[in-house]
Amino acid sequence: MSNFTLVITSIALAENKVLQLYSSEAKRRNVSLILIGDRKSPENFSLTGAEFYAIEQQKKLPFKLAKALPENHYARKNIGYLIAIQNGAEVIVETDDDNLPYESFWQPRKLTVENARVIENKGWINIYSYFTDKKIWPRGFPLEYVNQPQAAEEDSINTIKAPIQQGLADENPDVDAVYRMTGDLPLKFEQKQPVALGRGSFSPFNSQNTTWFRQAFPLLYLPSYCSFRMTDIWRSFVASRIAQEYGWFILFHSSTVFQERNEHNLLRDFEQEIPGYLNNARIMEALLETDLCSDEQSIFENLMRLYETLVHGRWIEEKELHLLEAWIDDLIKLGL
């Protein structure tokens, strides 16, 4: 029996072999699978081994956010997180409907990691460079730092606490449109010791193969009023800023999934990523300049402060704050 709840959002439900695989494996392994639809999803879809929530079902849930979230948006995945928390989840794992799991994906998650190589106070870190010799970078990594020399891992291998853990994806990893239009794929990352980023070191992480432990659940929040291609990336900047305030590490580990990417228009992806190309580095600078409380009990206050910074910088629309307030209210009612 695994120790996590799996959350996926999808509109491509019919004949989706990835969702069928996840549902059958989840049922076999007694893993709870929550599948979140959207307006384009069929209302009467069902899949053995999964709890599917069509959009009308979502709106009937006792969550303020369920009625406030915009439709036809990836951020409706937030509802899946709330359902998992309501059901008593202690660990949430999220992925997407085009990432197929290796056997290692189903292993129990551990908050404390004993063999992580630690990087601190080195600034922007191209995390992919520690798992391959190929020149490749993760989506959300500031382009102005792509050619900078990478920091070496520390000599010591430490036991660290990592409430947020990012797994890589083989074959078609999460890279930006610039790389997709100029670089080579597929790629398989090396199986290596995990790398933990501590204070003063940053890398974007995504929502495609990510583990969250209970103390980090408030940081799951995906913003709606920003570019679609930036929602999980800018979430990762906020989460990293708060994690480092508390002395938590962000862990990156070798691939436990491989991606057979859904069809994308790369020029459209590029257009959606322009706000990131222009602003990712300065967003992190602004978040670092925002004063936070070091008490973990202030996580909601810290979350609101950082989103106010994003709104003040005009990177996210002001109406995002109303959604964030609903998210926080829902989590408080759920006992977080």
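The numbers here are math on the coordinates, done by the rules we state, and not lab data. All figures in this text were calculated on a predicted structure; none of them were measured in a lab. A quick note on method: Cβ atoms are made from the backbone with ideal geometry, for glycine too, and the neighbour counts reach across all protein chains shown.
Exposure proxy ranking for F249, F300, based on other Cβ atoms within 10 angstrom of each Cβ and starting from the fewest, stands as F300, F249. Look at H264, H253 and count the other Cβ atoms within 10 Å of each Cβ; fewest to most, that gives H264, H253.
Close amide H pairs (under 5 Å, H built 1.01 Å from N) link N209 with G167, residues at least 5 positions away or on another chain. Helical content of the chain, expressed as a calculated mean residue ellipticity at 222 nm, amounts to -9500 deg cm²/dmol (DSSP H runs of 4 or more residues, -39,500 (n - 2.57) each, divided by residue number, nearest 500). Between E144 and I11, the modelled labels are 3.5 nm apart [label points 7 Å from Cα along Cα→Cβ].
Scanning residues 5 or more positions from S32 or on other chains, those with amide H under 5 Å from its amide H are L6, with H placed 1.01 Å from N in the peptide plane. Out of all DSSP beta bridges with both ends in the range 5-333, state the antiparallel percent to the nearest 5. Roughly 45 percent of the DSSP beta bridges within the range 5-333 come out antiparallel.
So how much slack lies between L336 and K27, counting 0.36 nm per residue of separation and subtracting their Cα-Cα distance, in nm?
The L336-K27 span can extend by a further 108.5 nm.
Convex hull volume of the C-alpha atoms in the range 5-333, normalised per residue: 124 Å³.
Each Lys and Arg adds +1 at its Cβ and each Asp and Glu adds -1 at its Cβ; summed about the Cα centre, the range 5-333 shows a dipole of about 480 debye.
Going from the residue with the fewest nearby Cβ atoms within 10 Å to the one with the most, M230, M181, M284, M304 rank M181, M304, M284, M230.
Sorted from longest to shortest, the spans of the Cα atoms of the range 204-311 along the three principal axes equal 44, 32, 20 Å. Rounded to whole numbers, the Karplus 3J(HN,Hα) couplings from phi for the range 181-192 are 8, 10, x, 10, 9, x, 8, 10, 6, 6, 7, 9 Hz, using 6.51 cos²θ - 1.76 cosθ + 1.60 with θ = phi - 60°, and x at Gly and Pro. Straight-line cross-link partners of K77 among the lysines, defined as a Cα under 30 Å from its Cα and at least 8 positions apart when in the same chain: K17, K27, K40, K59, K60, K64, K67, K110, K161, K188, K319, K333.
Near the amide H of T256, within less than 5 Å, lie the amide hydrogens of L168, all on another chain or at least 5 residues away, with H placed in the peptide plane. Shown here is the pair-distance distribution of the range 40-126: with all Cα-Cα distances grouped in 5 Å bins from zero up to the longest one, the shares run 2, 9, 16, 18, 18, 12, 11, 7, 5, 1, 0 percent. Couplings 3J(HN,Hα) for the range 160-169, derived from phi with the Karplus relation 6.51 cos²θ - 1.76 cosθ + 1.60 (θ = phi - 60°), are 10, 9, 10, x, 10, 9, 9, x, 7, 10 Hz, where x marks Gly and Pro.
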